[in-house]
Amino acid sequence: MSLRDRIGIDVGRRLKLMHAGFHFTADKERRMAVGRDRLKRIASHAERHGAVVLLENLNKEPDEAEIHYLAHTVEEWRYYFDAIRSPAFKLSFTVNHAHLVPAGIAGFVDALDMSRVEEVRLADCFRNGHEVHLKLGAGDIDFADMFQRVEGKGFNGHYTNAFGSLDDMLAGRDELVRLAGHIGIS
């Protein structure tokens, strides 16, 4: 484990958002295995120090991109979270990233054990489009449906807005609360 990872865990003590890594296509399987082993070591260190590491589902990159992020599909994400069973290793579910792949938000939520999800990150985007973090309503995510699915599976963590400025996120928070209340979620 790198000094940077240890310092991040030791200083943070509470939550540290991690990525599974990236690959250059030809080396994907090896990169996934190395990344999984690294995340296991980080989770073990976090557990000893009272920290929590969150693995984020990342965005897909265009086919012609030089690099591709790992853990952007349900299958790739499960490769990591099924192998690492530490109470210090949880998930950060980024809704707009899930909206970019064929499984979509519904497929990710169906595959998730919500007891392992600590955070749901929110931004808007367009279905099967490109990675952007738009203000609520600027894309085509059905946030009411997302809330019903996530809350219906027993999500007990926190939501985080991940778009625009602080003012945009604060306004978005009020809109999300209104939407959730409109469908009976308090």
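The values are calculated or read from the model by the stated rules, or taken from the named source; none is laboratory data. These numbers were taken from a predicted model, which means no experiment stands behind them. Cβ: placed from backbone, ideal geometry, glycine included. Neighbour counts: every protein chain shown. Areas reflect the complete protein model, heavy atoms only, side chains present, ligands, DNA and RNA absent. Shrake-Rupley method; radii C 1.70, N 1.55, O 1.52, S 1.80 Å.
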- Query: Within segment 47-77, how many residues are buried (at least 18 other Cβ atoms within 10 Å of the Cβ) and farther than 19 Å from N128 by Cβ?
  - Reply: 7
- Is there a residue in segment 89-110 that is farther than 30 Å from H182 by Cβ, among the hydrophobic types (A, V, I, L, M, F, W, C), surrounded by 20 or more Cβ atoms within 10 Å (Cβ to Cβ) and without any contact (Cβ under 8 Å) to a residue 60 or more places away in the chain? yes
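Residue-by-condition table, conditions (1) polar (S, T, N, Q); (2) closer than 24 Å to L91 by Cβ; (3) open to solvent by less than 30 Å² (accessible area, probe 1.4 Å); (4) touching a strand residue (DSSP E or B) at 6+ places or on another chain (Cβ under 9 Å):
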residue: M146; (1), (2), (3), (4): no, yes, yes, yes
residue: A162; (1), (2), (3), (4): no, yes, yes, yes
residue: S165; (1), (2), (3), (4): yes, no, no, no
residue: L170; (1), (2), (3), (4): no, no, no, yes
residue: R173; (1), (2), (3), (4): no, yes, no, yes
residue: V177; (1), (2), (3), (4): no, yes, no, no
residue: G181; (1), (2), (3), (4): no, no, no, no
- Message: Anything in segment 111-126 that is farther than 15 Å from L58 by Cα and open to solvent by 20 Å² or more (accessible area, probe 1.4 Å)? List them, or say none.
- Response: A111, D113, S115, R116, E118, F126
- Is it true that S86 is hydroxyl-bearing (S, T, Y), closer than 23 Å to A33 by Cβ and in contact with a strand residue (DSSP E or B) (Cβ under 7 Å, 6 or more places away or on another chain)? no
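Determine which member of the set H130, H158 is open to solvent by less than 70 Å² (accessible area, probe 1.4 Å) and either of a type outside the set (F, W, Y) or out of contact with any strand residue (DSSP E or B) (no Cβ under 6 Å at 6 or more places or on another chain) (or both).
Exactly one of H130, H158 is open to solvent by less than 70 Å² (accessible area, probe 1.4 Å) and either of a type outside the set (F, W, Y) or out of contact with any strand residue (DSSP E or B) (no Cβ under 6 Å at 6 or more places or on another chain) (or both), namely H158.
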